[in-house]
1. Average the reciprocal distances over every distinct pair of alpha-carbons in the stretch A:152-191, invert the result, and give the Kirkwood radius in Å.
2. P(r) of the protein assembly as shown in 10 Å steps, Cα pairs, percent per bin?
3. In degrees, nearest 10, range 0 to 90: what is the angle between the Cα axis of helix B:142-172 and the longest Cα principal axis of chain B?
4. Could you give the semi-axes, largest first, of the ellipsoid that matches the stretch A:5-53, computed as the square roots of 5 times the alpha carbon gyration tensor eigenvalues and rounded to whole Å?
5. Where the eigenvalues come from the Cα gyration tensor of the stretch A:135-272, what are the semi-axes √(5λ) of the equivalent ellipsoid, largest first, in whole Å?
6. If I fit a long axis through the Cα atoms of helix B:65-86 and take the longest principal axis of the Cα atoms of chain B, what angle between them do I get, 0 to 90°, rounded to 10?
7. From the helices alone, meaning DSSP H stretches of at least four residues, give me the mean residue ellipticity at 222 nm for chain B, per-run term -39500 (n - 2.57), in deg cm²/dmol to the nearest 500.
8. Evaluate the charge dipole of the protein assembly as shown about its Cα centre and quote only its size in Debye, nearest 20, assuming +1 on the Cβ of each Lys and Arg and -1 on the Cβ of each Asp and Glu.
Amino acid sequence: MTKRFRWRDNPNVLAKLIDANNLNTWKAQEVVLKPNEACAFIVDGRIGDILTEKVVSNIAGGFNRFIGDMMGITAKDRRLLFAMTGPADISIPFTGNLPSGSNVNGFANIRVQIRDDDIPKLLNMFANSAPMLDRQRLAEVLHNEIMMRVVNPTLAECEDEIKLRSSALQDKFEMRAEVELRATLSTLGFTFLKAFMTLNQTDNEKIRELQAQLSAATNTEGAHAEALMERIAIREAATMRRIECEVNIAKAEAAGKVTVEMQSELKELRKQEAQWEAELRRDEGKLNLRMKESSHKTEQAMALFEQVQANKRERIKQQMEHQNQRMDKQNDLQVKMMEMAAENDALTPEVMQEFLRQQTAQKAVDGSGIEVEAAQAAPEQYECKGCGKPVMVGWNACPHCGIKL
Amino acid sequence: MPAVPIEVLPYIRGIQLVLSSYEGYTKGKRREADGLIRDEIKRAGTRARNHLSNIQDIAFKSDKMDIAKIAKLATSEIDNLIEDVDKSVTGMNHAFFSGARSVKVSDLKKLIKHDHDVIEMVTKAINIANSAEHAFSTSTPDEEVKNLVQQCQQMITSCQGFFNSRNKILGGLRQKTK
């Protein structure tokens with residue numbers, strides 16, 4: 001049964017130089033080299049094959065080599081140089097200062113790789129150190145150089161924290177690391193792949209963070225207070241609105257009672273009004289009826305008055321006609337007399353004078369007759385006691401105001 | 001393993017100009033041929049990378065960051081190619097136990113042609129990188145240097161694609177046809 005040899009039992013191990021003479025030779029041992037592992041054989045001081053992706057059996061030679069050693073016919077010095085060929089990240093802590101004096105600390109992360117052809121160069125690493133190389137050991141080896149050649153110059157070009165976090169600074173760091181470390185890494189058997197800086201917070205950034213946190217806390221407190229005030233205002237508004245609604249409801253209820261009372265009172269008033277209106281209509285009807293009766297009497301009185309007046313006018317007209325006829329006869333007579341006197345030559349001034357005197361006397365007689373008649377008609381009228389207008393004797397009521405006479 | 005087809009002999013001759021021990025995927029030498037091709041790609045990639053690293057160093061020292069950045073991108077691309085090649089599939093020793101199907105003539109043709117194309121591309125990349133370094137060291141304008149570096153990067157990317165296709169063919173051999 002072949003024994004499996006394991007050259008690496010810690011993931012931090014990158015390379016290991018093994019003296020094959022220290023391995024058991026009489027018992028077969030094999031090692032499986034995976035795709036990310038390689039092994040260089042150094043036999044009697046010469047670099048031999050570099051193997052990978054292979055199962056190396058009898059790595060220590062086995063029983064045959066044990067016999068050969070005893071007989072002195074095999075190589076005197078055999079060394080196995082194992083290495084991991086995959087990319088490996090190493091972190092180198094650093095502390096520096098910006099030109100402003102601010103302290104900066106962090107890690108310089110470098111990704112390196114050991115390629116198959118470069119495995120023998122690892123002998124340079126093992127020349128003055130232990131035959132095992134791990135990440136920590138590699139970081140220690142590179143620390144001073146990377147600090148002096150890469151980190152400090154990069155920080156010296158950085159003016160403030162803003163540039164410290166910029167991608168341009170990372171680019172410069174990577175370029176500078178590659179340029180400055182290539183020779184060293186190549187000598188040690190490594191290929192530089194990538195580099196970047198991991199920076200912790202600076203003092204100024206901590207201060208700004210604290211300020212931001214305090215500001216955020218203040219703003220948060222302010223927001224809480226504002227929200228609380230708003231909530232209180234909403235509650236206050238709701239309470240006020242509820243009270244207002246309750247007051248309005250109470251008012252409305254009170255107003256409703258008043259309205260009912262007013263409506264009942266209004267009904268009473270309307271009832272009273274209707275009663276009064278009915279009475280008024282009744283009185284008006286009575287009055288109208290009375291007025292109709294009164295106007296009927298007045299019309300009767302006026303008809304009688306008109307009849308009397310017509311009779312009177314007829315009588316006066318007859319008198320005037322009679323008088324005119326008499327006057328005409330007298331005038332005719334006087335004309336005839338005057339003509340007779342003129343025919344008889346008796347028309348003297350004395351005759352004419354006598355004639356005019358008689359005619360004047362005649363007219364005076366006619367005129368006094370009219371005045372007597374007017375004086376006799378005047379006592380038939382008198383003034384009404386109610387309205388003061390003239391009424392006739394014998395009327396029962398005044399035609400102007402309707403009162404009984 | 002069938003014999004090497006006659007049609008791909010010119011390709012084999014072309015590869016042999018670079019790799020003298022290359023004989024195509026003849027019987028018993030399939031993994032060896034694969035290893036030779038891979039080693040050659042890594043070696044050629046490293047050569048191109050060295051040229052570009054020189055350009056990057058000088059550009060950074062002379063404060064030409066734009067050229068340095070482009071050169072850095074190209075070197076990163078070459079690192080990716082080398083890593084792809086280093087960790088690519090190889091195939092098994094015993095087809096019967098591994099479940100792989102037998103290699104056909106068409107597979108061999110494809111593989112050899114791919115090998116030829118990849119070697120040709122990576123050789124071109126070396127030439128372009130060399131030209132870029134030469135141009136950078138003379139009074140050639142920076143734009144031309146950048147163009148050359150970018151051409152080199154493009155060639156490496158194409159080479160990476162071709163190599164992945166080759167891996168696909170090799171991977172196909174591990175599956176038996178139904």
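1. Values: mean 1/r = 0.0904 Å⁻¹.
That comes to 11.1 Å for the stretch A:152-191.
2. Cα pair-distance distribution for the protein assembly as shown, in percent: 3, 10, 12, 12, 9, 6, 4, 3, 2, 2, 2, 2, 3, 3, 4, 5, 5, 5, 4, 3, 1, 1, 0, 0.
3. 10
4. Numbers: eigenvalues 63, 45, 27 Å².
Each semi-axis is √(5λ); the values are 18, 15, 12 Å.
5. Details: eigenvalues 1521, 37, 28 Å².
For the stretch A:135-272, the semi-axes come out at 87, 14, 12 Å.
6. Here the helix axis deviates by roughly 10 degrees.
7. Values: 6 runs with 132 residues, N = 178.
Here the helix-only value at 222 nm equals -26000 deg cm²/dmol.
8. Working: 81 positive and 81 negative charges, 1006 e Å.
With Lys and Arg at +1 and Asp and Glu at -1, about 4840 debye.
Bear in mind these aren't lab numbers, they're just calculated from the coordinates by the rules spelled out. Since the structure is predicted, the reported quantities are computational estimates derived from the model, not experimental observations. When we count neighbours, we look across all protein chains shown, and the Cβ atoms used for this are built from the backbone with ideal geometry, even at glycine.
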